[in-house]
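**Q** What follows is a structure written as structure tokens; I'll ask about it next.
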């Protein structure tokens, strides 16, 4: 059966660049070679920029190579890599755009004749012999290099053809073109992966810094030990439960935003004097007025962050009450942003169940009854319902 | 002159995917078409995912289009977009893989005959007439659509051929293949740009959060108003000057790391009681011992951030002295990490030149003399030299 190589190449190349997972890409390329082009097996040695070396990435087909896939790593000095390094091997009298094992003896003879008595010739012959050994170990009859900007990106390892015939020049040209396209697609995918990793790392750094920022208040406020973390945990749980039970619809970003808001909800307390923050007696009216300012101060402090609005709303309005008697703005009912309404329940529940130096915390059972009693007055009933259900299910 | 289209296509496609700037990519594609393929001018209408619409991105060549490049935006309901929307226009009796202006009359006639008395036919004819108008405005004789996964990604706008001949089927096939490759390369570049933007945004969020974290101490410590920002500024300036004058070699990351360290150097003071932090009298020995702990507490606080080591070193060791009499570890001379040695000078200089409620700050001139005097005792002489030179140059 004659294969239309041009068509196969076009089909193979199409869409290759839209696959941004290097491993998946190599898998697809090798699978395509084996299945459509009637090769017994194929593999790929791929350059890995991070490690500045080459790795045997996959081998697929009937027989496979004798070394475990993903196990063998080749340094730049490995014969099979060096032979294709064009810069280093300019003295080579053959153009290494593919090496067939059946040609190696001919190449050896050729080198002997051409560079008779020349030091380079001896080195090249030794290298060719070592490449031959490696190809046998890799169970390959042909090696096709792929370059990107004169840099060796990959080597395609080809097993025997199923019909036992030798590779024609047309076929090798096809594999060279395919290897070249594949090399670029793989490089593209690697760059994508690098960038994705950078984006993820920066996101993680951001969230970690938010956590540290949130924890600074714990260094000041003797009462809040672990409070920030628990309020965050409760808030996210309530939001998830509201979404799951269908009482609210949130975009996925809402959960991360309420997480951030939870961590930062008391950050404004940094600006409240320790004498007020840690006072065990009842606060005077003046002191309470200062204490209440932590919502506004928190909002100011995080202003430079250009956080999503749910975060800002949660920080600023987590002391609003459903009946409009809260602070700082006396918002009422549905006028209170949902993130803030959720956090108000979480915050109150943790405050009630935590020990203070001057009193012991309530049991969760009693606190839940208290929360229920205040539904519609202090708290949004929808948020209370979620909290009660989470408690009943043993999740809080 | 006959053009080898296959070769041109291969050359054009090669490397397209490694260009990750969509604008540059379109420019190169259009330039290639105009120069090599003997078209008078060419342009491209490109889908922009963010705006969910199409924009005329570039037009290049002898004559150009009559509308300014980058100015015209096409919504999905624009005739030239709708005609290529395969799903919507299934009733069309021609396969719109290219529209030539010279064929429009024939198409109109065709539609009249085929769909005689059919409502769809009337709509299609009207659409074709409007497309004709748009093509005239765009000064194009041919439009070639490019799809990626059945989605219209781009339309290639072609001007007349230089020799005045009409487009052959072979040429249109070439342009269709080129447009398809280009569409994928452009989509790839757009995804790259999106990811790059996300990585940058996350990095900015991280750095902004570090700034807010650094500023929390200012909310507590009445003395440090603006101190954090100034120490950061001086530290980065000293480091840059040391690198520029050749007294030290730093990787580029060093400057960002010392920036972060500067912002966070006093973060541990959050844990020092306000009574000690804001005391105007001399601290007792016990109080001073607590104050000194801010270096260790800061180091602990930022531990969850997995910051680069220069950041951690700066935070922990910015009170070490060159003569080994500093804290927390009594490190000496070259044993003090460079970031910390730089910050020690910056920190002392700002402390000396800042007003305190109980004393006025020194002039910069006097402070610089004091810093010079302490070179080799309190401070690393190399860092002092840089600070002095910056002052002399009027940069501090």
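The values are calculated or read from the model by the stated rules, or taken from the named source; none is laboratory data. Just so you know, these numbers come straight off a predicted model, no measurement behind them. Virtual Cβ from ideal backbone geometry, glycine too; neighbours counted across all protein chains shown.
**Q** For the range B:334-366, what are the residues that are part of a helix (DSSP H, G or I) and over 40 Å from the mean Cα position of the chain (by Cα)?
**A** B:365, B:366, listed by residue number.
**Q** Here is a further query. For residue B:313, which of the numbered conditions (1) surrounded by 23 or more Cβ atoms within 10 Å (Cβ to Cβ); (2) modelled with pLDDT of 95 or more; (3) within 14 Å of another protein chain (Cβ to nearest Cβ) fails to hold?
**A** (3)
**Q** To continue, here is another question. If you take the residues in the range B:261-278 that are within 13 Å of chain A (Cβ to nearest Cβ) and assigned to a loop (DSSP other than H, G, I, E, B), which one is modelled with the lowest pLDDT? Spell out the reasoning first.
**A** Pass one, the range B:261-278, residues within 13 Å of chain A (Cβ to nearest Cβ): B:263-264, B:266-278.
From what is left, the residues that are assigned to a loop (DSSP other than H, G, I, E, B) are B:266, B:272-273, B:278.
On the way: B:266: 95, B:272: 92, B:273: 92, B:278: 86.
Step by step, filter the range B:261-278, then rank; the result is B:278.
**Q** Exactly one of these conditions fails for residue B:299: (1) over 40 Å from the mean Cα position of the chain (by Cα); (2) part of a helix (DSSP H, G or I). Give me its number.
**A** That leaves (1) as the condition not met.
**Q** Something else: Go over the candidates A:154, A:219, A:179 one by one and state the one that is within 14 Å of chain B (Cβ to nearest Cβ) and under 30 Å from residue A:40 (Cβ atoms). Walk me through it before giving the result.
**A** On the way: A:154 fails: within 14 Å of chain B (Cβ to nearest Cβ); A:219 fails: under 30 Å from residue A:40 (Cβ atoms).
Just one listed residue meets the conditions, A:179.
**Q** Moving to a separate point now. If you take the residues in the range A:1-51 that are part of a loop (DSSP other than H, G, I, E, B) and under 12 Å from residue A:174 (Cβ atoms), which one is modelled with the lowest pLDDT?
**A** Selected residue: A:3.
**Q** Now for a different question. Within the group A:239, A:286, which residue is more than 14 Å from chain B (Cβ to nearest Cβ) and either touching a strand residue (DSSP E or B) at 6+ places or on another chain (Cβ under 6 Å) or more than 19 Å from residue A:315 (Cβ to Cβ) (or both)?
**A** Details: A:239 fails: either touching a strand residue (DSSP E or B) at 6+ places or on another chain (Cβ under 6 Å) or more than 19 Å from residue A:315 (Cβ to Cβ) (or both).
So the residue among A:239, A:286 that is more than 14 Å from chain B (Cβ to nearest Cβ) and either touching a strand residue (DSSP E or B) at 6+ places or on another chain (Cβ under 6 Å) or more than 19 Å from residue A:315 (Cβ to Cβ) (or both) is A:286.
**Q** Still on this structure: Out of A:340, A:375, which single residue is over 24 Å from residue A:294 (Cβ atoms) and touching a helix residue (DSSP H, G or I) at 6+ places or on another chain (Cβ under 6 Å)? First the steps, then the outcome.
**A** Numbers: A:340 fails: over 24 Å from residue A:294 (Cβ atoms).
Answer to the selection: A:375.
**Q** Condition first: touching a helix residue (DSSP H, G or I) at 6+ places or on another chain (Cβ under 6 Å), touching a residue at least 12 places away in the same chain (Cβ under 8 Å), over 17 Å from residue B:195 (Cα atoms) and more than 9 Å from chain B (Cβ to nearest Cβ). Can you find one or more residues in the range A:195-215 that meet it?
**A** Within the range A:195-215, one or more residues are touching a helix residue (DSSP H, G or I) at 6+ places or on another chain (Cβ under 6 Å), touching a residue at least 12 places away in the same chain (Cβ under 8 Å), over 17 Å from residue B:195 (Cα atoms) and more than 9 Å from chain B (Cβ to nearest Cβ).
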